[in-house]
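> Could you have a look at this structure, given as structure tokens, before my questions?
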Amino acid sequence: MGSTDMGHGHDHSHDDLVETGGDLPAALDLSIPDSELSPSDVSRRGFLRGAGLLGAGAAASVLATPAAVQASGLPHAHGPAGGGAEKGGFRWLAGDHHIHTQYSSDAQYRVLDQAQHGHAYGLDWLVITDHGSNAHAKIGVEKVNPDIQKTRSELRDLLTFQGLEWNIPGAEHATVFVTPSRHEVDVLKQFEQTYDGSQLPATNTDAQNEAAAVAGIKFLASQVKARKVDGALFLANHPARRGLDSPHEIRNWRDADPTVAVGFEGAPGHQAAGIPAPGGAGSARGFYNNNPTAASWVGYPLESYRTWGGFDWMTATVGGLWDSLLAEGKAWWITVNSDSHVVYLDQSDRGPGSDFEANGRYNDPVYTGKTLTTAGDFWPGFYGRTNVGTSSFSYKAVMDGLRAGRVWVDHGRLIKGLDARVRVAGDRRGDSGTPLGGAVHVKRGTSTEITLEIDLQDRPNWANFVPVLKRVDVIVGTVTGPVADKDSYTAPDTKVVKSFEISAGAKSVSLSYSLGRLDKPFYVRVRGTDGNRTQPGLMGTSVDPYGPKLDVIGDADPWADLWFYTNPIWVLPK
């Protein structure tokens, strides 16, 4: 396949897979029976089916549809233009999808407080996600909405989504959020009252809870289909923290509707919790200081209950659970966020006379003059960023970018910007290649390469030092198709194939790595580090010789151990 078949990937999500006229290639158009296909299209369709890449939900996997192409965000832009940084033909908008306010029983700040701080620390979008609970389900969704509307009005160059933190029935938590509309409160309230774990019978069996979780995701999809909202997304939060999210549940969430259930936190919030005492909480990054309980899935190793370089074990382990999903060809993306409740070194407390159970909120916070050294959170944007490649500054464009997997994440502003692409080897056009989250189809035997353009950091971060990128790793895994056991959590064919040492002092670096001649489908993803703390990965030195190090409870300064990760790009036979 020539380089002209790869598409540019600038104007549409996944346009690298769309052929002339905006129509589906015949092999991907399931309205065309196999009997009417050419032999080559029959072969291509057979491979895609066998790899689990064709069928229900394929548009949110590694294949595109005209509908996905039209979801660029431009026809449905909300709010003024602004924010973000241009790179690689996209406007990259930094955000945080997991933030709590005075409407959460364990938090304290106003919506505007969190939004103003997030905006000041460089965010372009954020999601308010107060906890699902009895009090919140009754009155919280409605009560917080005027505060969100006020924040949208006052901070017009910040996109402020309304969402909630879902108690997934039988599992951990998840961010659920929708595009702004006159129905946003109704949709979220009905969802929470019907599907939040706090509202379901305590006598539910595991099977009943798992079915309720799937039904909740399908409900959100139905609200988009009914045009109550332009979009709804689900992102599982702190997935390995307590061992509750089993591999088969994660797969079931994704398969319930992959246009809604799109990923999980690659790294949790609460990163300040690892700062050693007495200056900090002296706990664990992300508050990942747990051990298995009767509710935990029995197959997870003890190492999964800790963070690795601040990242969740599911993401940090090369050849681990995240890779096992990607090796199936499942579109499943990673993010980072603050999970901000109470902020480290803040000097405020909940307003006096608060009655959360009666009012569904705490009174506005008040200044105390007492510094909170034991708090575990940072303000939104202060430490972690989820960077989304968008077509415009709009709510829908952010959702489309997240859904497409056009996302890279970092801690401590390790780098300024990144553009990653896979293209036919030798294609040197500046705008060629398939971006993050995309898939490129080439003929077997065609040579491809990944190219990286990284803007190195030249400004101090919010801890007042300039981070230095030391190493970039290229990770490749074979696409092996659906797993026989939905509780599988390894990908034996995934490994680090190349490490680049980065010289100090440069403003930017351009890297490329040959992915060889295509003989079987694969994906590629990238990570980078300041190199301060590394150790061989759990799958051994032949898989990951210099991976993130296991974080030590009580001694895990988050600023001393910085990483970035990208989402994958697939390379599939035509």
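Coordinate-derived values only; no laboratory data. Quick caveat: nothing in here was measured; it's all calculated off a predicted structure. Here the Cβ is made from the backbone with ideal geometry for all residues, glycine too, and neighbour counts use every protein chain on show.
> Using Cα pairs under 8 angstrom and six or more residues apart, how large is the relative contact order of the chain, in percent?
Once normalised by length, the contact order is 18 percent.
> Could you tell me the calculated FRET efficiency between Ala277 and Ala120, based on Cβ-Cβ distance and R0 = 25 angstrom, to the nearest 0.05?
Result of the calculation: an efficiency of 0.30.
> A further question follows. Where the centre of each part is set by its Cα atoms, how far does the stretch 119-197 sit from the stretch 344-379, in angstrom?
That distance is 20 Å.
> Run the simple label-point estimate for Gln535 and Asp364 please: 7 Å along Cα→C-beta, distance reported in nm.
So the label points at Gln535 and Asp364 sit 4.8 nm apart.
> Given H placed 1.01 Å from N in the peptide plane, which residues other than close sequence neighbours of Gly516 have an amide H under 5 Å from its amide H?
Close amide H contacts, sequence-distant or interchain: Thr448.
> May I pose another question? What is the sum of charges, Lys and Arg at +1 and Asp and Glu at -1, for the other residues whose Cβ falls under 10 Å from the Cβ of Thr317?
Values: positive: none; negative: Glu303, Asp312, Asp323, Asp544.
That works out to -4.
> Give me the extension gain from Asp485 to Thr373: residue separation times 0.36 nm, minus the current Cα-Cα distance, reported in nm with one decimal.
Additional length available on full extension: 35.8 nm.
> Right, another one. Can you list the residues, at least 5 places off or on another chain, whose amide H is less than 5 Å from the amide H of Gly384, using H built in the peptide plane?
Gly412
> Moving on to the next point. Which part of the stretch 233-265 falls in the paramagnetic zone of Asp206, meaning amide N under 12 Å from the point 7 Å along Cα-to-beta-carbon?
244-249
> At what distance in nm do the modelled label points of Lys150 and Asp349 sit from each other, each positioned 7 Å from its Cα along Cα→Cβ?
It is 2.4 nm.
> In debye to the nearest 20, how big a dipole does the chain give about its Cα centre with +1 on each Lys and Arg Cβ and -1 on each Asp and Glu Cβ?
Roughly 820 debye, rounded to the nearest 20.
> Can you compute the modelled spin-label distance between His183 and Asp34, with each label point 7 Å from Cα toward Cβ, in nm?
Placing both labels 7 Å beyond Cα along the Cβ direction yields 3.8 nm.
> Counting only DSSP beta bridges with both residues in the chain, tell me the antiparallel percent, nearest 5.
75 percent
> Within the stretch 120-206, report the GluC sites (Glu not before Pro) that DSSP leaves as loop and that have at most 14 other Cβ atoms within 10 Å.
Those that pass, being in a loop and sparsely packed, number zero.
> Tabulate in residue order the Karplus-calculated ³J(HN,Hα) for the stretch 277-294, using 6.51 cos²θ - 1.76 cosθ + 1.60 with θ = phi - 60°, rounded to whole Hz; enter x for Gly and Pro.
6, x, x, x, 5, x, 10, 10, 4, x, 6, 8, 10, 9, 9, x, 10, 4
> How much of the DSSP beta bridge set in the stretch 85-389 is antiparallel, as a percent to the nearest 5? Intermediate values should be presented prior to the final figure.
Details: 22 of 40 bridges.
Of the beta bridges lying entirely in the stretch 85-389, close to 55 percent run antiparallel.
> Oh, and also: Within the stretch 416-452, what residues put their amide N at less than 15 Å from the label point 7 Å along the Cα-to-Cβ vector of Ser514?
What the label zone holds, given the 15 Å backbone N cut-off, is 423-427, 445-451.
> Let me ask something additional. State, as an integer percentage, the relative contact order of the stretch 85-389 based on alpha-carbon contacts under 8 Å between residues 6 or more apart. Please report the intermediate quantities before stating the final value.
Working: 698 pairs, mean separation 68.4, N = 305.
Value for the stretch 85-389: 22 percent.
> Something else about it: At a Förster distance of 22 Å, what's the computed FRET efficiency of Asp157 paired with Ala85, Cβ-Cβ distance as r, to 0.05?
E(calc), rounded to 0.05, equals 0.95.
> Over the Cα atoms of the chain, compute the convex hull volume and normalise it per residue, giving Å³.
141 Å³
> Based on Cβ point charges of +1 for Lys and Arg and -1 for Asp and Glu, what charge dipole magnitude is obtained for the stretch 85-389 about its Cα centre, in debye rounded to the nearest 20?
Charge dipole, the stretch 85-389, about its Cα centre: 400 debye, nearest 20.
> What percent does the relative contact order of the stretch 108-253 come to when contacts are Cα pairs within less than 8 Å and at least six residues apart?
For the stretch 108-253, the relative contact order is 24 percent.
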